[in-house]
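Q: One structure follows; several queries about it will come next.
Only the coordinates and a few stated rules stand behind these numbers; no lab work does. The model shown is predicted, which means the values in this text are computed figures rather than measured ones. Ideal geometry is used to build each Cβ from the backbone, glycine not excepted, and the neighbour counts take in all protein chains shown.
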Amino acid sequence: MIDKGSWPEDVPRPFFFLSYAHAPRVPRSAGGPGNAKTHWEEQLFRDLCGTVAELAGLDDDEPAGFMDTGMHLGEGWSERITEAIAHCRVFVPLYSPRYFRSQACGQEWNAFASRQVLINRPGMHASQISGVVPVQWVVVGQDDMPEVARPLQYAHRDFGADYVTEGLLTLSRLGYFRQQYEIAVLRLAQTIVRVAQQTTITVGRRRDFQDRPSAFQPPDQRRRLRIAVLAPDVRNLPVGRSADAYGISAVDWKPYNDGGDTLAKRAAFVARQSEFHPSIHEFEEEAQLLLRGEAPAAPGVLLLDRWSLLDKDRRELLKRFDAQNPTWVSVLEPWPADDPECERRNEQLTRLADETLTHMRVDRRKFREPNGGVLGTLDDFEDALPGAAMAAQHAFDQQREESRPRQGGSGKPNLRSGVDPPSYGTPQPEPPQQQPPQEPGPGEDSHE
């Protein structure tokens, strides 16, 4: 968790930050468009920006709002989101069941809530206002909200009766509710401007919002996913492989020539869209945990660069890992179609992978990877990852169930039977005491 200090003074301050849950990707192999659409959220954002700018009297060069649509497609998207959260005057979350299950949305909320709220008007107490103006995007019951969201007023009566009963998404989608939608947007814009005028919220620290825990629930209640990377780095490249796709460690691997984030970070982004809480690790770390006899704490996805199999030590380690038949780990093998070096060595390295992964690769690939397991493009990879993660989750849940001690059992801990597996590096509570939830330790979020 790196705090880079203060922001420059000339960073623009949007009036509001629109926080919403991205819809999950629909794989092209399933007839979907791939990238999820945000048409209705974008419409609300545009309507809000116009109304807020008019009510607040903003100049043309003053941003009314910020929305992160499409930011993940290029470099620096995380920093731009972090910057906007640190400078916005009002935080506008779109409440929905998916929103409160989203790791990224909880991290955005946490980042905004870390800023100090100062009241501009005498007679008001800081507890009366938070700078958060929630929107009932989809109707959510109080019992289905996390504690941090329950005290905030979201079913605003002056937004209209249909807004209270239907939610703003329904009003935006149905022409029948057009007038009610326009009233709700006007009232929302008025509330945003009023809150911005009543408060001064200090600029946040320059700390990546992804380094923060979710504000919605403690880490041990989230669905975790351990993303492991087995790839060379620039210090030990195999003969015949250029350094273009590699960095100082395995997790810096960027097989696709797209100019964006590392493959591991892209995998973590897609995993969060599928409601996982991912962490990123080097494969050697994960392999040693299993080979020492430690039971798994979470399902995993192994991102395998076949070039790494030319290293005898790495190949032997992976073979020993595979021999344990870790069903809770899916394997994805990105193999860029436009890389001439990969094309020349394809037959050799494919055969080497078949010989090394006699359990993990051959038996389960057809159930987890669209397009016959060929991940020639970044889109293919992002389409494959949600299914691979969910298949690993199902196997992990089954493994945990089978490992529970039965009446009269020995209770000895091992990989497939005995006791409920402990978490990697996480002390187990001593019954009957209750331990309070804690943020993930450094090992859980390394490189994320």
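Q: With the dipole of the range 16-211 worked out from charges on the C-beta (+1 for Lys and Arg, -1 for Asp and Glu) around the Cα centre, which of 40, 105, 200 lies farthest toward the positive end?
A: Farthest along the dipole direction, towards plus: 105.
Q: Rounded to whole Hz and in sequence order, give me ³J(HN,Hα) for the range 197-202 from the Karplus expression 6.51 cos²θ - 1.76 cosθ + 1.60, θ = phi - 60°, writing x for Gly and Pro.
A: Result, rounded to whole Hz: 6, 7, 10, 10, 10, 4.
Q: While we're on this one: Using a Förster distance of 51 Å, how high is the FRET efficiency between residue 343 and residue 144, based on the Cβ-Cβ distance and rounded to 0.05?
A: 0.50
Q: Can you find, among 242, 403, 302, the residue farthest towards the positive end of the dipole of the range 219-403? Put +1 on the C-beta of Lys and Arg, -1 on that of Asp and Glu.
A: Selected residue: 403.
Q: Points 7 angstrom from Cα along the Cβ direction at residue 239 and residue 198: gap in nanometres?
A: 7.3
Q: Please report how far the C-alpha centroid of the range 278-307 lies from that of the range 150-220, rounded to the nearest whole angstrom.
A: Between the Cα centres of the range 278-307 and the range 150-220 lies a distance of 40 Å.
Q: Counting only residues 5 or more places away or on other chains, whose amide H sits under 5 Å from the amide H of residue 225 once H atoms are built in the peptide plane?
A: Here 277, 279 satisfy the definition.
Q: Work out how much length residue 374 to residue 249 would gain on full extension: take 0.36 nm times their residue separation and subtract the Cα-Cα distance, in nm to one decimal.
A: Here the segment from residue 374 to residue 249 would lengthen by 42.5 nm.
Q: Treat every Asp and Glu Cβ in the range 218-299 as -1 and every Lys and Arg Cβ as +1, leave all other atoms uncharged, and give the resulting dipole magnitude about the Cα centre to the nearest 20 debye.
A: About 200 debye.
Q: To the nearest 20 debye, what charge dipole does the range 219-403 have about its Cα centre, counting +1 at the Cβ of each Lys and Arg and -1 at the Cβ of each Asp and Glu?
A: The dipole magnitude comes to about 340 debye.
Q: Then there is this: Per 0.36 nm of contour for each residue apart, how much would the distance between residue 355 and residue 205 grow if the chain were fully extended, relative to their Cα-Cα spacing?
A: Length gained, residue 355 through residue 205: 49.0 nm.
Q: Rounded if a/c is under 1.5, else prolate if a/b beats b/c, else oblate: with a ≥ b ≥ c from the C-alpha gyration tensor eigenvalues square-rooted, which is the range 221-328?
A: Oblate, since a/c reaches 1.5 and b/c is not below a/b.
Q: Can you tell me the dipole magnitude for the range 16-211 around its Cα centre, using point charges on the Cβ only (Lys, Arg +1; Asp, Glu -1), in Debye to the nearest 20?
A: So the magnitude is around 360 debye.
Q: Tell me, 176, 154 in order of fewest to most beta-carbon neighbours within 10 Å?
A: 176, 154
Q: Rounded, prolate or oblate for the range 16-211? Axes are the square roots of the Cα gyration tensor eigenvalues, ordered a ≥ b ≥ c, and the cut-off for rounded is a/c under 1.5.
A: In terms of gyration-tensor shape, rounded.
Q: How much length is gained if the chain between residue 257 and residue 54 is pulled fully straight, taking 0.36 nm per residue apart and subtracting their Cα-Cα distance, in nm to one decimal?
A: Gain on stretching residue 257 to residue 54: 68.8 nm.
Q: Let me check I've understood the local charge: for residue 284, count other residues with C-beta under 10 angstrom from its C-beta, Lys and Arg +1, Asp and Glu -1. What total comes out?
A: -3
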